[in-house]
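The values are calculated or read from the model by the stated rules, or taken from the named source; none is laboratory data. Computed from a predicted structure; not experimentally measured. Counting neighbours? That spans all protein chains shown, and the Cβs are built from the backbone with ideal geometry, glycine included. What goes into the accessible areas is simple: the full protein's heavy atoms, side chains included, and nothing from ligands, DNA or RNA. Shrake-Rupley method; radii C 1.70, N 1.55, O 1.52, S 1.80 Å.
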Amino acid sequence: TDMSEMFHGCSSLTSLDLTPLNTAKVTNMESMFYSCSGLTSLDLTPLNTANVTSMKSMFYSCSGLTSLDLTSFNTAKVTNMSSMFYDCSGLTTIKTGVTFKFAEQITFSPAHGETLSARHLMVIITMARKTAANLNMHCVG
């Protein structure tokens, strides 16, 4: 099942109830919340991510989010997390749980024309220390 780009471009959304979604068979969540810049909070607890293989650009340009709780995410099968948090300029906190493991490579890039701030880098480094022993991180900017 494919949920890629499901809410793509829904920049006017400020909140979203994901409770009715059955995601047990979903394998692709690529760009699922792409450009949902109006979102200020997002409860991801209802999402079953056990079979997901791609989370590429999942939160791309979700600049209104200040924190994400990914403790319910099971990323054991995920192979692509490229640009997962690209242009999430407001994001200061990402909480991960024991079933969240980074894919072999993850890219965190600032928006075009911006520089990667120490705050952004600290978010990623903190996540890496807690969740992955052999993380190849690419910071572009």
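Taking region 1-31 only, how many residues are touching an Asp or Glu at 6+ places or on another chain (Cβ under 6 Å) and assigned to a loop (DSSP other than H, G, I, E, B)? Don't jump to the end; show me each part of the working.
Kept after step one, since they are touching an Asp or Glu at 6+ places or on another chain (Cβ under 6 Å), are these residues of region 1-31: 4, 28, 31.
Cutting the leftovers down to assigned to a loop (DSSP other than H, G, I, E, B) gives us 4, 31.
Going through region 1-31 one residue at a time, the tally reaches 2.
On the basis of being touching a residue at least 24 places away in the same chain (Cβ under 8 Å) and either surrounded by fewer than 16 Cβ atoms within 10 Å (Cβ to Cβ) or acidic (Asp, Glu) (or both), does Thr92 make the cut?
On the way: touching a residue at least 24 places away in the same chain (Cβ under 8 Å): yes; either surrounded by fewer than 16 Cβ atoms within 10 Å (Cβ to Cβ) or acidic (Asp, Glu) (or both): yes.
It is true that Thr92 is touching a residue at least 24 places away in the same chain (Cβ under 8 Å) and either surrounded by fewer than 16 Cβ atoms within 10 Å (Cβ to Cβ) or acidic (Asp, Glu) (or both).
Mind listing whichever residues of region 63-96 are among the acidic types (Asp, Glu) and farther than 17 Å from Ser31 by Cβ?
Correct list: Asp69 only.
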Please go through (1) closer than 21 Å to Gly9 by Cβ; (2) not in a strand (DSSP E or B) for Leu68 and return the number of the only condition it doesn't satisfy. (2)
Could you tell me whether Glu30 is open to solvent by 40 Å² or more (accessible area, probe 1.4 Å), acidic (Asp, Glu) and on the phi < 0 side of the Ramachandran plot? yes
Breaking point among (1) at pLDDT 85 or above; (2) assigned to a strand (DSSP E or B), for Thr107: (1)
